[in-house]
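The values are calculated or read from the model by the stated rules, or taken from the named source; none is laboratory data. All values derive from a computational prediction rather than experimental measurement. Every residue, glycine among them, receives a Cβ derived from its backbone with ideal geometry; neighbour counts consider all protein chains shown.
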Number of protein chains: 2
Amino acid sequence: MTKANVRVYKDLMGENEKWAEETRKLLKEKNIVMINIIGSPGCGKTTLLEGMVGELGKIFRFAVLEGDVETTADAERIAALNIEASQLLTGGACHLEAKLVHYALKDLPLDDLDMVVVENVGNLVCPAEFDIGEKAKIAVLSVTEGEDKPSKYPLLFHEAEAVLLTKIDLLPHLDFDIDLCLDHVRKVNSTVPIFKVSAKTGEGFVEWINWLNENR
Amino acid sequence: MTKANVRVYKDLMGENEKWAEETRKLLKEKNIVMINIIGSPGCGKTTLLEGMVGELGKIFRFAVLEGDVETTADAERIAALNIEASQLLTGGACHLEAKLVHYALKDLPLDDLDMVVVENVGNLVCPAEFDIGEKAKIAVLSVTEGEDKPSKYPLLFHEAEAVLLTKIDLLPHLDFDIDLCLDHVRKVNSTVPIFKVSAKTGEGFVEWINWLNENR
């Protein structure tokens, strides 16, 4: 008796994963790197982007996708710097999902780009749980938020390919123990590179952009 | 012909609303006020609580429920001040739900309390969407987060019975336009009282605690 062939179907991927996979294919085809910047509301993600524009523009042709619950303020800030920027509104949801990102991506002039920078909704929890097809998640933590956040919101810091510690110009005015904060990062991710940056003084941006270039 | 009585059943409330309603009944029976403190990670919610303990203790017998994704660090900080504190871990969820709060509440010595202060998970989006049976949501925004957050995360500021602007001792070191921030609050909630506080200097705490006393 010969065994009959049995076809097995299994929904291996949920809806979000399917769109993330579509996006990864598209980005590969177009040779574009997409990074997903995640951090608390007010940790300085948009200001970081504004500060990056000069150095990043020397190396990459890039566009920005701005995720927010409401308002188009962030995309307008980036567009004011003459950078292609789209606003992705989640309509109440606390994170970006892959489908919305995919549709926004397809409307970009992909043949003229090397990089897409996504700024996720300000939130340390859910954006880390949703794959949007990015090459790397980048965790942003401002020194005004306290040292313990990597332990309290470990998933993001565990998943991150790089951690940016922002607003370091404020350190002289804060009771912030930077070594203690680095310990908290190391506990959940022992090898992740950490960049200390200040959009106000420009400190740390060259190192951070160089890392992006080396790891594209 | 007489009309037959028809009993109509409708699931008017979802699971979360049912537990919130149970909590409201329990709090009313015990004559306890429960407030739900909501703000970004690192906006200073736990430090605010630490700073409130002295003034609050003059008026209320109170306990604290600490919401976090992971770690018991916050409840330990409050317990170190000799205040009854429980840690509510969401196991990945970015907000507290009413059922968990209800169970934690029932384990408190309710006959000896006038107030329960809940510190929600650090997040400006979802905690505002989940009724936990509280009397009032209190929005916390630190001046390091930027002026526009009330417009970008309007639900919380719309729902809030009071807004606390924290870390105001840092104002001399920031490019933060406090009037612009107040405009953003007023746009989504024209009447909410706004308290400017600093846990470092103690500024604003008497006014804030007096408001709690007058509105209990």
### Task
Within region A:69-90, count every residue that is aliphatic (A, V, I, L, M), within 14 Å of another protein chain (Cβ to nearest Cβ) and either more than 16 Å from the chain's Cα centre (by Cα) or more than 14 Å from A:Ile132 (Cβ to Cβ) (or both).
4
#### Entry: Failed criterion for A:Asp175 (all others in (1) in contact (Cβ under 8 Å) with a residue 12 or more places away in the chain; (2) farther than 28 Å from A:Ala79 by Cα; (3) assigned to a loop (DSSP other than H, G, I, E, B) hold)
(1)
### Message
Here are the criteria: (1) assigned to a loop (DSSP other than H, G, I, E, B); (2) within 11 Å of chain B (Cβ to nearest Cβ); (3) surrounded by 24 or more Cβ atoms within 10 Å (Cβ to Cβ). Tell me which single one A:Glu147 does not satisfy.
### Response
(3)
### Complete set of residues in region B:111-120 that are in a helix (DSSP H, G or I) and in contact with a helix residue (DSSP H, G or I) (Cβ under 9 Å, 6 or more places away or on another chain)
B:Asp111
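Could you check, for region A:187-200, whether at least one of its residues is out of contact with any strand residue (DSSP E or B) (no Cβ under 6 Å at 6 or more places or on another chain), buried (at least 16 other Cβ atoms within 10 Å of the Cβ) and in a helix (DSSP H, G or I)? Give the derivation first.
To start, the set of residues in region A:187-200 that are out of contact with any strand residue (DSSP E or B) (no Cβ under 6 Å at 6 or more places or on another chain) comprises A:187-191, A:198-200.
Next cut, buried (at least 16 other Cβ atoms within 10 Å of the Cβ) only: A:188-189, A:198-200.
Filter again for in a helix (DSSP H, G or I), leaving A:188.
Yes, that holds for at least one residue.
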### Query
If you go through region A:129-142 one residue at a time, how many are aliphatic (A, V, I, L, M) and surrounded by fewer than 24 Cβ atoms within 10 Å (Cβ to Cβ)?
1
### Query
Right, B:Leu108: more than 14 Å from chain A (Cβ to nearest Cβ), in contact with a Ser or Thr (Cβ under 8 Å, 6 or more places away or on another chain) and part of a loop (DSSP other than H, G, I, E, B) or not?
yes
### Message
Being under 28 Å from B:Leu155 (Cα atoms), crowded, with 16+ Cβ neighbours inside 10 Å and in contact (Cβ under 8 Å) with a residue 60 or more places away in the chain: is that true of A:Gly51 here?
### Response
no
### Query
For the subset of region B:120-134 comprising residues that are within 12 Å of another protein chain (Cβ to nearest Cβ) and small (Gly, Ala, Ser), which member is farthest from B:Glu145 (Cα to Cα)?
B:Ala128
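Identify, please: which residue in region B:1-46 is part of a loop (DSSP other than H, G, I, E, B) and modelled with pLDDT of 95 or more and is, among those, nearest to the other protein chains (Cβ to nearest Cβ)? Explain how you work it out, then say what you get.
As a first pass, look at region B:1-46 and keep what is part of a loop (DSSP other than H, G, I, E, B): B:1-14, B:31-32, B:40-44.
From the residues that got through so far, the ones that are modelled with pLDDT of 95 or more too are B:31-32, B:40-44.
Details: B:Asn31: 33, B:Ile32: 28, B:Ser40: 5, B:Pro41: 5, B:Gly42: 2, B:Cys43: 8, B:Gly44: 8 Å.
The extreme case among them is B:Gly42.
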### Task
Look through B:Glu159, B:Glu214, B:Glu147, B:Glu203 and report the one residue that is under 21 Å from A:Cys126 (Cβ atoms), among the charged types (D, E, K, R) and without any contact (Cβ under 8 Å) to a residue 40 or more places away in the chain.
B:Glu159
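When the residues of region B:60-79 are narrowed to those that are touching a residue at least 40 places away in the same chain (Cβ under 8 Å) and outside any strand (DSSP E or B), which ends up nearest to B:Asn213 (Cα to Cα)?
Restricting to residues being touching a residue at least 40 places away in the same chain (Cβ under 8 Å) and outside any strand (DSSP E or B), the top hit is B:Phe60.
Suppose the filter is within 14 Å of chain A (Cβ to nearest Cβ), surrounded by 23 or more Cβ atoms within 10 Å (Cβ to Cβ) and not polar (S, T, N, Q); does B:Glu66 pass it?
yes
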### Query
When the residues of region A:157-186 are filtered to those that are crowded, with 24+ Cβ neighbours inside 10 Å and either at the interface with another protein chain (Cβ under 10 Å from one of its Cβ atoms) or aromatic (Phe, Trp, Tyr) (or both), which remaining residue is nearest to B:Ala199 (Cα to Cα)?
A:Lys167
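Mind checking whether some residue in region A:137-144 is of a type in the set (Ser, Thr, Tyr), within 14 Å of chain B (Cβ to nearest Cβ) and touching a Cys at 6+ places or on another chain (Cβ under 6 Å)?
Here is the first cut: in region A:137-144, the residues of a type in the set (Ser, Thr, Tyr) are A:142, A:144.
With within 14 Å of chain B (Cβ to nearest Cβ) added as a condition, the list becomes A:142, A:144.
Retained after the next criterion (residues that are touching a Cys at 6+ places or on another chain (Cβ under 6 Å)): A:142.
Yes, there is a match, as at least one residue in region A:137-144 is of a type in the set (Ser, Thr, Tyr), within 14 Å of chain B (Cβ to nearest Cβ) and touching a Cys at 6+ places or on another chain (Cβ under 6 Å).
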### Message
Looking at the structure I just gave you, is B:Asn82 surrounded by fewer than 22 Cβ atoms within 10 Å (Cβ to Cβ), among the polar types (S, T, N, Q) and part of a loop (DSSP other than H, G, I, E, B)?
### Response
yes
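Please work out which residue is nearest to the other protein chains (Cβ to nearest Cβ), limiting yourself to region B:91-105 and to residues that are hydrophobic (A, V, I, L, M, F, W, C) and in a loop (DSSP other than H, G, I, E, B).
Narrowing region B:91-105 to residues hydrophobic (A, V, I, L, M, F, W, C): B:93-94, B:96, B:98, B:100-101, B:104-105.
With in a loop (DSSP other than H, G, I, E, B) added as a condition, the list becomes B:93-94, B:96.
Working: B:Ala93: 8, B:Cys94: 4, B:Leu96: 12 Å.
Across region B:91-105, the extreme among qualifying residues is B:Cys94.
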